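A.B. asks: Below you'll find the structure I mean.
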Amino acid sequence: MAVDCGVFVDWSQLANVSRDVAPSKTEYKDFKELKQHARSGHWAKNHAQRAAVYQQLLKALPCRTVTPDAEVYRDIVGNSNSKRNPSAYPLPEFVDGAAVPGYCLKAESVGSVHAVISCIAGQFPDISYCPSLPAVTALLMHWSADEAQCFEDVSRMLACNEPGRRLIDQTFLAYQSACMTFGDLMHKYCPAAHKLIIATATDVLEVYSDWQRWVLGDLPCSYAARVLDVFLVEGYKVLYRVALAILKFYRKQWAANGSTVTKQDSAGVRGDIQAFVQNIGKCVTADKLMDKAFSIRLFSRKEITLLQLANEKSLQQKGITVKQKRQNVQLAVNADNFSSEIVSAKEIRDIWSWIPERFALCQPQLLFTTSTHGCSLNRFYSHCEGHEPTLLLIKTTGREVCGAFLSTDWEERKRGGNKLSFFGTGECFVFRMKPEMERYEWVIIKHPELASAAQPAADDQAGNSSPLNLEKPATDPSHLSPFLSARHFNLNSRNTSMFMAGNIDSIIIGGGDGNALYIDSELNHGRTERCLTFDNPPLCAESFQIALLEVWGFKDTMES
C-alpha cells in the first residue's frame with residue numbers, strides 16, 4: 001500500500017504530506033483510540049498510513065451480499081491508470097450537475113474519477129439522486145492504488161447495510177429531508193447564523209440545500225480529508241457538525257467585516273458562503289474547524305435519525321419524493337401578503353425563525369381573529385380545528401404582545417371529553433415580543449435530565465399517548481426530540497409535558513404549578529405565570545385583558 005497509493009495525486013500541491021515514510025499504526029482494536037486519532041488528524045501527514053487505515057475501515061463495513069468489487073470493475077472498464085478522457089465517461093444524471101472537485105489530483109485523474117462513477121451508475125441502478133458522489137469518489141481516489149480499488153471502496157460505502165448507519169444519500173427524498181434536518185439543527189444550535197441567513201436570503205431552504213456541497217466539494221482538499229477521517233469512523237452526523245461549524249465561522253467573519261444586513265437573492269448568499277468555504281484557510285485552520293464542529297452538543301445519532309424520518313414523512317405527505325423544479329418558497333414571510341393587527345411583517349419573520357424548518361414551505365394564513373370573528377371560544381375552535389400547527393398571537397389592552405407556537409390540532413382536545421386534558425408535543429413553545437423578543441422552549445430541551453423524573457402513571461392525567469414503541473423507555477433523554485410530531489414520539493410526564501389543553505371553559509398553554517397562558521371562554525381575560533413545561537416568566541402582566549387575539553395557520557404554497 002505504501003508503494004502504490006497516491007498514483008493519482010499531484011504531489012506538488014501536497015508538500016506537507018509524506019508519501020514515503022512507512023505508516024506507523026494502521027490497525028485499531030480500541031475504538032476510543034481510533035476515534036481520537038480520527039478527530040485529531042493523526043493520519044493527515046502520512047499518506048500511506050491514512051490509506052491503510054481507510055482500507056481497514058472500509059473492509060469492515062457490513063454490506064449487501066452482492067456488492068461489486070475491484071474485479072467487477074476490471075472486467076467492465078479495465079484498470080488503466082493512464083489518462084482517460086472525461087467526456088468518454090459522462091457523469092450520470094443523478095449527480096445533479098455536481099462536478100468532480102480537483103482535490104489536488106492530477107489533471108488526468110479527473111477522467112479516472114469519471115470512469116469510476118460511470119461504472120457505479122451501471123452497478124447501482126437504484127441510485128436516483130446522489131450529488132455528493134463525485135466528491136466522495138475524488139477523495140477516495142487519493143488513497144487508492146488503482147481505479148478498481150477506488151470503485152470497490154465507493155461501492156462498499158453505497159452498499160453499507162448496517163442498521164441505523166447512514167453514509168451517502170442515494171435518493172432525492174433522503175437528500176432533501178437531510179437539508180430540512182440541517183435547517184432544524186441550524187435553528188436549534190446556531191440561532192445567530194440562522195437569523196443571518198433568514199435576514200439576508202430570500203429562500204432559506206435554497207441556501208441550506210447546499211450544506212453537503214460545502215463539506216463534500218467546496219472545502220479545500222486537506223480539510224475535506226480531515227472530515228473523511230472522522231466520517232468513516234463516526235458516520236453521517238459528522239457532516240452535520242462540520243456544516244454547522246462552517247456557518248458559525250461564516251457568520252463570525254460576516255460580523256467582523258461589518259457587513260450590512262440586506263435582503264438579496266438566495267443565489268447571492270449561496271455564492272458568498274461557497275466563496276467563504278473555498279477560501280476558509282485564510283481565517284480558519286482545519287484543526288479549528290474540527291474543534292468547533294465537535295464542540296456543538298447535538299442530539300444523539302438515533303435522535304437525528306428520528307428527526308430525519310419525520311422530515312421524510314412530511315415530504316412524502318406533500319408528494320415530494322423526486323427532484324422537482326425548485327419553488328421560490330420563502331421562510332422569510334412575504335410582507336406583501338401579510339397583514340396582522342398585532343405584529344408587523346418584520347416581527348412575524350422573527351417569530352418564523354423559531355419555527356421548525358420543515359414548515360418553511362408554508363406561509364402564514366389567518367384562521368381566526370377576534371376583530372372579525374368575535375370573542376367566542378366556540379368560534380375559535382371551529383376556525384382552528386383541522387389545522388396543525390398553529391400560531392397564537394395576543395395583544396393586551398396594555399399593548400403587550402405574547403403568544404405560542406402550538407404543534408397539534410385543537411381537535412385533539414375532544415379525546416378527553418369535557419375533561420381538561422393536555423396534549424401536544426415538545427415542538428410547542430411560548431414567547432413574548434416586548435420589551436424584547438424572547439422564546440421559551442420545552443424545559444427538557446435545555447434540561448434533559450428532568451426526563452428521568454417523568455411519571456408513566458401520569459399518562460391518563462396528561463392526556464397523552466405514546467403510539468411509537470421505542471427500544472428504550474420514553475423517558476430516556478437520548479430519545480427526546482422537540483421536533484418530532486406525536487406520531488413519532490411522545491413523552492409522558494405530569495409536569496414537563498403539559499403543552500396545550502382546552503375545553504368549553506378555557507384554553508391553557510403550558511402546565512405544572514401554573515400556566516404559561518390561560519384564556520377564558522369569552523377570549524377577553526387571561527393570566528400568565530411561570531409553568532414547569534416551559535420554565536417561563538410571566539409573558540406579560542400576570543392578569544391581563546385581551547385587546548386582540550389572532551390564530552395563524554401554515555399554508556402550503558405548493559397547494560395554492
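A.B. asks: Tell me the residue from C362, C375, C384 that is touching an Asp or Glu at 6+ places or on another chain (Cβ under 7 Å) and open to solvent by less than 30 Å² (accessible area, probe 1.4 Å), please. If you could, list the steps in order and put the result at the bottom.
C.D. replies: Working: C375 fails: open to solvent by less than 30 Å² (accessible area, probe 1.4 Å); C384 fails: touching an Asp or Glu at 6+ places or on another chain (Cβ under 7 Å).
It is C362.
A.B. asks: Sort out which residues of the stretch 55-109 are open to solvent by less than 30 Å² (accessible area, probe 1.4 Å), within 15 Å of M141 (Cα to Cα), part of a loop (DSSP other than H, G, I, E, B) and in contact (Cβ under 8 Å) with a residue 40 or more places away in the chain, and write them in order of number.
C.D. replies: Within the stretch 55-109, P101, Y103, C104 meet the criteria.
A.B. asks: Here is a follow-up. Regarding E152, is this residue acidic (D, E), in a loop (DSSP other than H, G, I, E, B) and open to solvent by 10 Å² or more (accessible area, probe 1.4 Å)?
C.D. replies: On the way: acidic (D, E): yes; in a loop (DSSP other than H, G, I, E, B): no; open to solvent by 10 Å² or more (accessible area, probe 1.4 Å): yes.
Spelling it out, it is not the case that E152 is acidic (D, E), in a loop (DSSP other than H, G, I, E, B) and open to solvent by 10 Å² or more (accessible area, probe 1.4 Å).
A.B. asks: Here's another thing I want to ask about it. Give me the residue from the stretch 295-320 that is surrounded by 15 or more Cβ atoms within 10 Å (Cβ to Cβ) and among the polar types (S, T, N, Q) and, out of that set, modelled with the lowest pLDDT.
C.D. replies: S314
A.B. asks: Pick from the stretch 501-529 the residues that are within 32 Å of the chain's Cα centre (by Cα) and touching a residue at least 40 places away in the same chain (Cβ under 8 Å): which of them is surrounded by the fewest Cβ atoms within 10 Å (Cβ to Cβ)? Lay out the reasoning, then the answer.
C.D. replies: To start, the set of residues in the stretch 501-529 that are within 32 Å of the chain's Cα centre (by Cα) comprises 501, 508-512, 515-517.
Cutting the leftovers down to touching a residue at least 40 places away in the same chain (Cβ under 8 Å) gives us 501, 508-511, 516-517.
On the way: A501: 25, I508: 20, I509: 31, G510: 32, G511: 24, A516: 32, L517: 26.
Among residues in the stretch 501-529 that are within 32 Å of the chain's Cα centre (by Cα) and touching a residue at least 40 places away in the same chain (Cβ under 8 Å), the one surrounded by the fewest Cβ atoms within 10 Å (Cβ to Cβ) is I508.
A.B. asks: Okay, next question. Among the listed residues D146, D126, D96, D153, which satisfies the condition of being more than 17 Å from the chain's Cα centre (by Cα), acidic (D, E) and on the phi > 0 side of the Ramachandran plot? Break it down into steps so the answer makes sense when it comes.
C.D. replies: Numbers: D146 fails: on the phi > 0 side of the Ramachandran plot; D126 fails: on the phi > 0 side of the Ramachandran plot; D153 fails: on the phi > 0 side of the Ramachandran plot.
Every option except D96 fails the conditions.
A.B. asks: Which one of A44, A115 is touching a helix residue (DSSP H, G or I) at 6+ places or on another chain (Cβ under 7 Å) and open to solvent by less than 20 Å² (accessible area, probe 1.4 Å)? It would help to see each step written out before you state the result.
C.D. replies: Values: A44 fails: open to solvent by less than 20 Å² (accessible area, probe 1.4 Å).
Selected residue: A115, the only one of A44, A115 that is touching a helix residue (DSSP H, G or I) at 6+ places or on another chain (Cβ under 7 Å) and open to solvent by less than 20 Å² (accessible area, probe 1.4 Å).
A.B. asks: Name the residues in the stretch 121-133 that are assigned to a helix (DSSP H, G or I), of a type in the set (A, V, I, L, M) and surrounded by fewer than 21 Cβ atoms within 10 Å (Cβ to Cβ), would you?
C.D. replies: The first filter runs over the stretch 121-133 and keeps only residues assigned to a helix (DSSP H, G or I), leaving 121-123, 133.
From the residues that got through so far, the ones that are of a type in the set (A, V, I, L, M) too are 121, 133.
Answer for the stretch 121-133, where residues must be assigned to a helix (DSSP H, G or I), of a type in the set (A, V, I, L, M) and surrounded by fewer than 21 Cβ atoms within 10 Å (Cβ to Cβ): just A121.
A.B. asks: Could you grab the pairs with beta carbons closer than 6 Å, sequence gap of 6+ or different chains, first residue in the stretch 530-551 and aromatic (F, W, Y), second one assigned to a strand (DSSP E or B)?
C.D. replies: Taking only residues 6 or more apart or on different chains, the pairs are F534/V430; F534/Y440; F544/T396; F544/G526.
A.B. asks: Since L244 meets every condition but one in (1) farther than 30 Å from R19 by Cβ; (2) open to solvent by 10 Å² or more (accessible area, probe 1.4 Å); (3) modelled with pLDDT of 95 or more, which condition does it not meet?
C.D. replies: (2)
A.B. asks: Here is a follow-up. Only one residue in Y250, Y189, Y223 is within 15 Å of L307 (Cβ to Cβ) and of a type in the set (S, T, Y), so which one is that?
C.D. replies: On the way: Y250 fails: within 15 Å of L307 (Cβ to Cβ); Y223 fails: within 15 Å of L307 (Cβ to Cβ).
After ruling out the rest, the residue left standing is Y189.
The values are calculated or read from the model by the stated rules, or taken from the named source; none is laboratory data. Worth saying up front: this structure is predicted, and the values here are computed from it rather than measured. Please note: Cβ atoms are built from the backbone with ideal geometry, for glycine as well, and neighbour counts cover all protein chains shown. Heavy atoms of the whole protein, side chains included, go into the accessibility calculation; ligands, DNA and RNA do not. Shrake-Rupley method; radii C 1.70, N 1.55, O 1.52, S 1.80 Å.
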